[in-house]
Amino acid sequence: MSVIQEEQIYLNQEFSDQDTIFQFLAEQTVALGIADDAAAVYDSLKLRESEGTTGMMDGFAIPHAKTSAVKQASILIMQLTQGINWESMDGQPTDFIIALFIPEAEVGATHLKLLSTIARMLMRSEFKDELKQAQTKAEIVALLNRNLSEEQ
């Protein structure tokens, strides 16, 4: 099963802060039919971030929204042209965002499974290197779907 499709990946994006990224991601969930209320998705992203940073290490962040506005569990990927401050665990700028969107009804199982799977993948240097070196949406889709299926 493919968890992510090319239309869910945004390469070479120019954003300067978290807030505009959250607005963009929320709008994209509606445009892609993943959610039906961009404001609710945005609010959920902001709420989660206020509870503690989703900035990981080595330039990665895993923001997530859990709301009834989300109709199907999905992942959106953003690769930024320049790193931004995300209050990451290592204090480094974030330039790669793996955003999770989870329907409220699936908050327990789906959310935790996806989050822990992606976090485990990001612990592997070779995976992070391959992801950052990928030049096309197709390469990212293949890499993520292959690794997600291996982790299951």
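Look through the stretch 1-22, keep the residues that are farther than 30 Å from Glu150 by Cα and crowded, with 18+ Cβ neighbours inside 10 Å, and return whichever of them is nearest to the chain's Cα centre (by Cα). Steps first, please.
First pass over the stretch 1-22, keeping only residues farther than 30 Å from Glu150 by Cα: 14-20.
From what's left, crowded, with 18+ Cβ neighbours inside 10 Å: 15, 18.
Details: Phe15: 15, Gln18: 13 Å.
Ranking the qualifying residues of the stretch 1-22, first place goes to Gln18.
Report, by residue number, each residue of the stretch 61-111 that is under 19 Å from Leu131 (Cα atoms), among the small types (Gly, Ala, Ser) and over 10 Å from the mean Cα position of the chain (by Cα).
If the condition is that a residue be under 19 Å from Leu131 (Cα atoms), among the small types (Gly, Ala, Ser) and over 10 Å from the mean Cα position of the chain (by Cα), then Gly83, Ser88 are the ones that fit.
Being part of a helix (DSSP H, G or I), touching a residue at least 12 places away in the same chain (Cβ under 8 Å) and more than 22 Å from Leu11 (Cβ to Cβ) is the filter here, so list the residues in the stretch 83-142 that pass it. Please lay out each step first, then the result.
Narrowing the stretch 83-142 to residues part of a helix (DSSP H, G or I): 104-121, 125-133, 137-142.
Now restrict to residues that are touching a residue at least 12 places away in the same chain (Cβ under 8 Å): 104-107, 110-111, 114-115, 117-121, 127-128, 130-132, 137-138, 140-141.
Passing the criteria: Glu104, Ala105, Glu106, Val107, Thr110, His111, Leu115, Thr117, Ala119, Arg120.
From Gln18, Gln8, Gln23, Gln13, grab the single residue that is in contact with an Asp or Glu (Cβ under 8 Å, 6 or more places away or on another chain) and not β-branched (Val, Ile, Thr). Lay out the reasoning, then the answer.
Details: Gln8 fails: in contact with an Asp or Glu (Cβ under 8 Å, 6 or more places away or on another chain); Gln23 fails: in contact with an Asp or Glu (Cβ under 8 Å, 6 or more places away or on another chain); Gln13 fails: in contact with an Asp or Glu (Cβ under 8 Å, 6 or more places away or on another chain).
Going through Gln18, Gln8, Gln23, Gln13 in turn, the sole match is Gln18.
If I go through the stretch 11-63 residue by residue, how many of them are more than 23 Å from Glu139 (Cα to Cα), assigned to a strand (DSSP E or B) and in contact (Cβ under 8 Å) with a residue 40 or more places away in the chain?
Of the residues in that region, 1 qualify.
Kindly indicate whether any position in the stretch 25-36 is of a type in the set (A, V, I, L, M, F, W, C), buried (at least 16 other Cβ atoms within 10 Å of the Cβ), under 12 Å from the mean Cα position of the chain (by Cα) and over 23 Å from Arg120 (Cβ atoms). So that I can check it myself, show each step before the final result.
Kept after step one, since they are of a type in the set (A, V, I, L, M, F, W, C), are these residues of the stretch 25-36: 25-26, 30-32, 34-35.
Going one step further and asking which of them are buried (at least 16 other Cβ atoms within 10 Å of the Cβ), we end up with 25-26, 30, 34-35.
Going one step further and asking which of them are under 12 Å from the mean Cα position of the chain (by Cα), we end up with 25-26.
Keeping just the survivors that are over 23 Å from Arg120 (Cβ atoms) gives 26.
Yes, the stretch 25-36 has at least one match.
If you scan the stretch 143-152, which residues turn out to be part of a loop (DSSP other than H, G, I, E, B) and free of Cβ contacts under 8 Å to residues at least 12 places away in the same chain? Show your work before the answer.
Within the stretch 143-152, the first condition is being part of a loop (DSSP other than H, G, I, E, B), and the residues that meet it are 152.
Once the filter is applied, which keeps residues that are part of a loop (DSSP other than H, G, I, E, B) and free of Cβ contacts under 8 Å to residues at least 12 places away in the same chain, the stretch 143-152 yields nothing.
Residues that are small (Gly, Ala, Ser), modelled with pLDDT of 85 or more, exposed (fewer than 12 other Cβ atoms within 10 Å of the Cβ) and more than 24 Å from Asp37 (Cβ to Cβ): does the stretch 105-123 have at least one?
no
Can you tell me which of Ile97, Ile84, Ile140 is touching a helix residue (DSSP H, G or I) at 6+ places or on another chain (Cβ under 8 Å) and within 16 Å of Ala26 (Cα to Cα)?
Numbers: Ile84 fails: within 16 Å of Ala26 (Cα to Cα); Ile140 fails: within 16 Å of Ala26 (Cα to Cα).
The match here is Ile97.
The values are calculated or read from the model by the stated rules, or taken from the named source; none is laboratory data. Note that the coordinates shown come from a computational prediction; the quantities given were computed from them, not determined experimentally. Neighbour counts are summed over all protein chains in view; Cβ atoms, including those assigned to glycine, are modelled from backbone coordinates with ideal geometry.
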